[in-house]
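To start, the structure itself, in structure tokens.
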Amino acid sequence: MRVSKRFVGPLFVLPALFVLAMLVFYPLVYTFVLSVTDPAGNYVGLENFRTMLDQRLTSRTLQNTFVYVGFSIVFQIILGTAVGILLNAKFWGRSGIRALIVVPWVIPGIVAATTWGWMFHTEFGIINYMAQSAGVIDAPVGWLTNPSTVMPALITVNVWKMFPFVAIMVLAGLQAIPEDLYEAARIDGAKLHHEIYFITLRHLRPVLASLTLLLAIWGLNAITIIYAMTRGGPANRSIILPIQIFRQAFEFFQFNQAAALSVMFLLITGVLMVIYVTVFAEKE
Amino acid sequence: MASRTRSTWPIYPAVALLVVITMFPFLWMLISSFKQLSELYTVPPTWIPVAPSWTNYLNVLFESNVPRYFLNSVIISAGSTAIALALAILASYGFARFKFRGRTAAVALIIVGQLLPTAAIIVPLYVVLNWLGLLNTYLGLILAYLILTLPLSVFMLISYFRGIPVELEEAAIVDGASRLGVLLRITLPLSMPGVVAVIVYAFVTTWNEFIFALCFALDSSTKTLPIGLAEFTTEFNTDWGAVMAASVVMTVPIAILFLAMQRLFVGGLTAGGTKG
């Protein structure tokens, strides 16, 4: 039996869409239902939201989330772009180095977390030892236990893990820039920083915009590093929204309040996703 | 006169610094994994293990749950990759070759699936898996992992299929082949690099995944390697030697797989990424 031509395309697409709908859209709808009901299933309006917003922890969480994601993105983009530009230059061993620097990004997040956790160890960590030998600090710093250093330490790990991805994307963007633009600029006597500013960064702008949004969405979602290194401590100084959702659900077993947090979380990421889809789906 | 190329700026020191930053944690992981506990807990730390020993590796491989977790990881990653691949091949072909009503909406839905923060749906997913009796089963994790792998796999393959000339397919269709036949016998064999990229991507993503496994795998019958690594760390005591050895054990296969495939993988990913 031949299928009418009109339906061939949709038939190919349908199985994947069905699976995604079951796994993503059904749970999404269910999150909203859970967020406005109590454990017995009775409608309670915005009660769960009120309970969560009244907790002082929630405002601390939101603040931490923005600090963690914001600073991570800034350093990931700066470092990633610089490395992308560096790896686009011609030098001996270039393809080997390009492959090597991507390794932090492909390894499991948990491995990055435990390895850096050991390096940040207060008494026996290599970082305290090297910083003390170099005279940067006088006494060992409790990087992950001191409320004022825990965020910078976690951001460092996150940047180390993700900048290779930025670098590779930037590199792909750079390779699309015609070489004669640079040659023309050099013949006109342009300095290196002129080239980087007027040619390289101008052409990279769309790539960097798309990367910033992607990094924001992934950063909001990144539980592994913080969960494994500090579980949100000390004194909730490093708790971010996804970790609070996890704890509310699987440590305090308050699924409805966790769902209310999830809805707030979805609203934040939803804004980013709408921007991403409207800006970048046009080209598809 | 201005020169046409630039070679004056200090590339090599910058490259050396870059290699140190990216590789030092791995070096320290490797060094630490061969130290015994007494040597790990000494100040100042030693750069070369004084009494190198395989104790940590033997602990990890024979006295912990790691071998079982390894088996679980292989089954779950392979299962999820296979399903994602099959669904993604069909869907990408549909998107790459056909125009139909609702196509834009369908693409948008898949993008949402790709960007959706998994943390936002762990709670309802837990409830749904519990209801279906799939908590703490291989199938439950395999299905959950499709959320992570399916959307990007679709985008990677769309861009690959687009690069294959339609004329090849048209000739076969004139000869009476069905669309599915054309996909399986002509388009797919020509897309092998893209398919391999999808396999590597999906396998690595599921192999590394942490939070779903933490929530949906309840005991050693389904827990995966990343959970095993986290279990060496308890609130009061961490066996750092075992942790470092287990980290090496987890890093090496992924690093080898990636370095062997990196040209394909990076190529496929940047194609999917810039299109998506």
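The values are calculated or read from the model by the stated rules, or taken from the named source; none is laboratory data. If you're wondering where the values come from, they're calculated on a predicted model, not measured in any experiment. Glycine also receives a Cβ, built like all others from the backbone with ideal geometry; neighbour counts cover every protein chain displayed. Ligands, DNA and RNA are excluded from the accessible area calculation, which covers all protein heavy atoms including side chains. Shrake-Rupley method; radii C 1.70, N 1.55, O 1.52, S 1.80 Å.
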Worksheet item: For the modelled label position 7 Å from the Cα of A:E123 along Cα-to-Cβ, which residues of the range A:140-177 have backbone nitrogen atoms closer than 11 Å?
Response: none
Discussion item. What Kirkwood Rh does the range B:59-275 have if only Cα atoms enter the pairwise 1/r average? Answer in Å.
Written reply: 19.0
Item to complete: With a 10 Å radius around each residue's Cβ, average the other Cβ atoms per peptide and rank B:149-157, A:115-123, B:52-60, highest first.
Response: B:149-157, A:115-123, B:52-60
Item to complete: Take the alpha-carbon positions of the range A:159-284, form their convex hull, and give its projected area averaged over all directions (one quarter of the hull surface) in nm².
Response: 10.7
Item to complete: Using only the Cα atoms of chain A, construct the convex hull and provide its projected area averaged over every direction, in square nanometres to one decimal.
Response: 23.3
Practice prompt. Rank these residues by their accessible area, most exposed first, probe 1.4 Å: B:E169, A:E183, A:E251.
Written response: A:E251, A:E183, B:E169
Fill in: Solvent-accessible surface ranking, highest first, for B:Y12, A:Y30 at 1.4 angstrom
B:Y12, A:Y30
Worksheet, complete the sentence: In this structure, the FRET efficiency calculated for B:E167 and A:L14 from their beta-carbon separation, with R0 = 35 Å, to the nearest 0.05, is 0.80
Worksheet entry | Buried on assembly, the range A:249-268 (at least 50 Å² less accessible surface than by itself, 1.4 Å probe) | A:F250, A:F255
Item to complete: First compute the accessible area of the range B:59-275 with a 1.4 Å probe, then give the percent of it belonging to carbon and sulfur atoms.
Response: 66
Worksheet entry | Amide proton proximity set for A:T37, modelled H, under 5 Å, gap of 5+ | A:V44
Discussion item. For a quick size check, give me the Cα extents of the range A:7-102 along its three principal axes, largest first, whole Å.
Written reply: 68, 53, 18
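Across the residues of B:86-98, average count of Cβ atoms on other protein chains within 10 Å?
5
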Practice prompt. Highest first, please rank the peptides A:213-221, A:164-172 by the mean number of other Cβ atoms sitting within 10 Å of their residues.
Written response: A:164-172, A:213-221
Fill in: Shielding by partners - mean other protein chain Cβ count within 10 Å, residues of A:98-105
6
Worksheet item: Averaged per residue, what accessible area in Å² does the range A:86-232 show with a 1.4 Å probe, protein chains only?
Response: 40
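Please give the per residue accessible area of chain B, computed with a probe of 1.4 Å over protein heavy atoms only, in Å².
Spelled out: the 1.4 Å probe surface of chain B, per residue, equals 43 Å².
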Worksheet item: Taking each residue of B:17-26 in turn, how many C-beta atoms of other protein chains fall within 10 Å of its C-beta, and what is the average?
Response: 6
Response to the item:
The whole-number value in µm²/s of the Stokes-Einstein translational diffusion coefficient for the range B:83-208, with Rh from the Kirkwood sum over alpha carbon pairs at 37 °C and 0.692 mPa s, is 204
Worksheet item: When the Karplus curve 6.51 cos²θ - 1.76 cosθ + 1.60 is applied with θ = phi - 60°, which whole-Hz ³J(HN,Hα) does each residue of the range A:256-270 get, with x for Gly and Pro?
Response: 5, 5, 4, 5, 4, 4, 4, 5, 4, 4, 5, 4, 4, 5, x
Worksheet item: Once A and B are treated as a pair rather than alone, how much accessible area drops out, both sides summed, in Å² to 100, probe 1.4 Å?
Response: 8500
Worksheet item: Share of the range A:48-280's accessible area from carbon and sulfur, percent, 1.4 Å?
Response: 65
